[in-house]
1. Look through segment B:214-232, keep the residues that are farther than 28 Å from B:R26 by Cβ and touching a helix residue (DSSP H, G or I) at 6+ places or on another chain (Cβ under 6 Å), and return whichever of them is modelled with the lowest pLDDT.
2. Tell me which of these B:R90 doesn't satisfy, since it passes every other one: (1) buried (at least 17 other Cβ atoms within 10 Å of the Cβ); (2) touching a Phe, Trp or Tyr at 6+ places or on another chain (Cβ under 9 Å); (3) within 13 Å of chain A (Cβ to nearest Cβ).
3. Only one residue in B:G48, B:G60 is crowded, with 16+ Cβ neighbours inside 10 Å, at positive phi and in a loop (DSSP other than H, G, I, E, B). Which one?
4. Note down all Cβ pairs under 7 Å where the first residue falls in segment B:22-37 and is surrounded by 13 or more Cβ atoms within 10 Å (Cβ to Cβ), the second is among the aromatic types (F, W, Y) and in a strand (DSSP E or B), and they're at least six residues apart or on different chains.
5. Go through segment A:53-130 and tell me which helices (runs of 4 or more DSSP H), entirely inside it, have 3 or more residues that are within 30 Å of A:V28 (Cα to Cα) and in contact (Cβ under 8 Å) with a residue 40 or more places away in the chain.
6. Run A:E93 past the list (1) more than 14 Å from chain B (Cβ to nearest Cβ); (2) of a type in the set (D, E, K, R); (3) buried (at least 21 other Cβ atoms within 10 Å of the Cβ) and report the number of the one that doesn't hold.
7. Give me the residue from segment B:167-193 that is in contact with a Phe, Trp or Tyr (Cβ under 8 Å, 6 or more places away or on another chain) and not acidic (D, E) and, out of that set, nearest to B:G98 (Cα to Cα).
8. Give me a count of the residues in segment A:221-254 that are outside any helix (DSSP H, G or I) and either surrounded by 12 or more Cβ atoms within 10 Å (Cβ to Cβ) or within 12 Å of the chain's Cα centre (by Cα) (or both).
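The values are calculated or read from the model by the stated rules, or taken from the named source; none is laboratory data. The structure presented is a predicted model; accordingly, all values stated were derived computationally and were not measured. Cβ: placed from backbone, ideal geometry, glycine included. Neighbour counts: every protein chain shown.
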Amino acid sequence: MIRAATTVLRPIAELGAMGLFLLQVLRVAPTRAARAGTLASLLVRIGTRSLTLVLAAGFCVGAMLAVQFHDTLTRFGSPSMLGAAVALSLVRELGPVLCALLLLGRAGSALAAEIASMRGTQQIDALACMGIDPLAYLVVPRLLACVLSLPLLTALFDVAGLTGGMLVGAISFGSPGAIVLDSAASGIDADDVMMGLIKSLVFGFLLGWICLGRAFLAPAVRGTEDLARVSGDAVVIASLAILGADYLLSALLP
Amino acid sequence: MPDRAAPAPESLAAVTGLALGFGDRRIVEGLEFEVARGEIFAIMGASGVGKSTLLRTLIGLAPPATGAVALFGQDPYALPAAALYALRRRIGVAFQGGALLNALTVLENVELPLKLNTRLDRATIRIMAHLKLELLNLREIDHLYPSQLSGGMAKRVSLARAVVMDPELVFFDEPAGGLDARNAAELDELILKLRAAMNCSFVVVTHALDSAFTIADRVLVLAEGRALALGTPQEVRALGDERMAALFGQTGAGQRAPRAAYLDRLTAGL
């Protein structure tokens, strides 16, 4: 009975702790320690180091979409819509969600491990003892870097995906690149771009909040096993949150 | 002429009726002591008696199970976050493993409290950090990252960072922990040098008996879940209690300290 109650109550308690963590982060966001000049280096670390991965993955996804859509569109007699179908899928859906999951695996797990390691080696305690709020100095810039990086990486993912789709269309199916591009341009409008942008901002926020929060609130980090557990849990929870948010945003936004 | 009593030494940190523990389990209880301005106060005891937990409680990182803590007359656990951070700017803490920020060099680690807590310009901050590094003989390694430092160096850098804001009270967790006899003795000398140069007080948590007896003005001995002794090193040595003898490995008056005895045994066959 007690075990069952604990199983039910623990996630609620953890959600509450994460909510309080977020409120505290927002409260200290305008302070001096939060503007201590680490944002640029974090953007480089989180953003540019994920660049190659994002471009390669985007290219492959675009190429795969072209192959899939070509068969389907040919069956329905609209192969000329190949560019529009690839672009729409990338911009509205696959770009933000896949890019978020890639960044989560590449940078989110590293951020969680970094903060958990700092907790375990008393670096967070040391900051607090220096009179520096660790939430302001460590968490705010990292969260901001996640939120800013993801839309930029998603845009590059989309461009790489369109390039992949266009090349497959041209090489495998004989569709001239200009026609694929023209179809892509006519297939998406401002609402689609806005949808992709909002999704990537929300996913970036969820990624940062969950990875940083789970690591920051980790009760005891005493070794590599604890580090692996904290970062693994953070990635799993953030993945589910991103996919859940993807459904909600797709259902709610125009 | 009325008698003029000497003013009581100002208390920088004080605990009353303090008990530490996790959940229902008590590690240590019934603690009562004060740390006076200018003194070096050592908290001694074997591993696991709650020395480091007591230090964390004193600096506002681990609430006590019962009892009260006062730092500069204020209860750190009753203060809002901003006031607690302001209070902590009056102390310095050197952690056992150094707790240096891995992404920053030695110099940047030492500069950090000044950068974020003062409005000094960059050049002044650099000069002040260099002064402290010089004081602790670390000037030559200011460009290194924490991963490139030995354990002893990391402790000294941690101490430099702890004193860079000229605190009134410095907490040092296990200065001798993990160090050889020579490095441990050097750190003891640095603590005495810093006290003389900066007129600050120290609370040193240590399991090294000879280190505590060398540098401390007063010693608190923790054992068996309570304060076994509190007094000057001479007073503590002279207690002659059987448990003290057991704790100290028979380091009573006229006896050899464990490290000296160990070195004697080690070099006996040479």
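1. B:T214
2. Against the list (1) buried (at least 17 other Cβ atoms within 10 Å of the Cβ); (2) touching a Phe, Trp or Tyr at 6+ places or on another chain (Cβ under 9 Å); (3) within 13 Å of chain A (Cβ to nearest Cβ), B:R90 comes up short only on (1).
3. None of the other options fit; the residue is B:G60.
4. B:V35/B:F41
5. The qualifying helices (runs of 4 or more DSSP H) are A:95-103, A:109-120.
6. Just one mismatch for A:E93, condition (3).
7. Ranking the candidates gives B:F172 first.
8. The number of residues fulfilling the criteria is 2.
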